[in-house]
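Comments concern the structure below.
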Amino acid sequence: MTTPGKMAPAKGQELEIDRYRLREEPYYAEVNGEVGLFTIAAKSKMPVMLKGPTGCGKTRFVQHMAYRLGRPLITVACHEDLTASDLVGRYLLKGNETVWMDGPLTLGVKHGAIVYLDEIVEARKDTTVIIHPLSDDRRLLPIEKKGQVIEAVDEFLLVISYNPGYQSVLKDLKQSTKQRFMAIEFGYPPHEIEARVIEHEAGVDKDTALRLVKLGEKVRNLKTHGLEEGVSTRLLIYAGELIRQGVPPARACEAAITRPITDDPDMQRSIHELVRAIF
């Protein structure tokens, strides 16, 4: 392999990275100093791991921070078929010639983007190994197919997300991966903040938002009674949007909350009773 070096991006690639810049500031309500912590990590070139349940605001937080820091954001939704080539790049046939196409990780390394690997544990373990040289003080990306090693530019930041409550023994992050990142823990927002988020995002009045938050808290308490996952802030926003569009609250909550989180008839009845009591 060639020695590592910071490569000057081609003009076409500069235009390509521009489409990853956020034009409007995504709404985000800070909970516990995470904005300042992330800002320091970014300035210190420190890779970041976001831990927390599904739908609690991790992705929105990354979008918000990318906008605040003025950096492009490249998001990769990880899955079990994700290969190293999907992240790094591959040779493709274009007409009668073979052309190299940078993957999202290579693009971010060259252009100083935030690369966000969402639900990293869903990717194959042999794929996640590719991020190891990028997530320590080397900040290097080996591109084996080209025989190159690229050094990340200063603005590049690697961010991963991870839901420890949902993972099994078969799907967990290795310690060798975890201990390369600083971690920010996320949970469902406190009562007032979650109501403010729902009110803003769903466009409902404050009373409806507070009722939805109360419902969310009651449903999350059912986790100790057989519910696999608590209802996310995202689903509460969906219910709010349906209510704003004129759907009766009971029907809106059934479609956006009850049926997405459980197939168990007894659990569905329990949630339906909670909806009736609150609305």
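Remarks
- Within the option set 37, 87, being more than 14 Å from the chain's Cα centre (by Cα), surrounded by fewer than 22 Cβ atoms within 10 Å (Cβ to Cβ), in the same structural domain as residue 142 (by TED's automatic domain parsing) and not in a loop (DSSP other than H, G, I, E, B) holds for one residue only, 37.
- The residue that is modelled with the highest pLDDT, among those in the range 157-172 that are assigned to a loop (DSSP other than H, G, I, E, B) and touching a Gly at 6+ places or on another chain (Cβ under 9 Å), is 163.
- Just one residue in the set 207, 136, 154 is exposed (fewer than 14 other Cβ atoms within 10 Å of the Cβ) and either part of a helix (DSSP H, G or I) or not assigned by TED's automatic domain parsing to the domain that holds residue 92 (or both); that residue is 207.
- Residue count, the range 173-184 (criterion: modelled with pLDDT of 95 or more and surrounded by fewer than 19 Cβ atoms within 10 Å (Cβ to Cβ)): 2
- Residue 75 vs. criteria buried (at least 20 other Cβ atoms within 10 Å of the Cβ) and either on the phi > 0 side of the Ramachandran plot or among the polar types (S, T, N, Q) (or both): no
- Of all the residues in the range 90-128, those that are of a type in the set (Gly, Ala, Ser) and either exposed (fewer than 12 other Cβ atoms within 10 Å of the Cβ) or not assigned by TED's automatic domain parsing to the domain that holds residue 177 (or both) number 1.
The values are calculated or read from the model by the stated rules, or taken from the named source; none is laboratory data. All values derive from a computational prediction rather than experimental measurement. Positions of Cβ are backbone-derived with ideal geometry, glycine not excepted, and every protein chain shown enters the neighbour counts.
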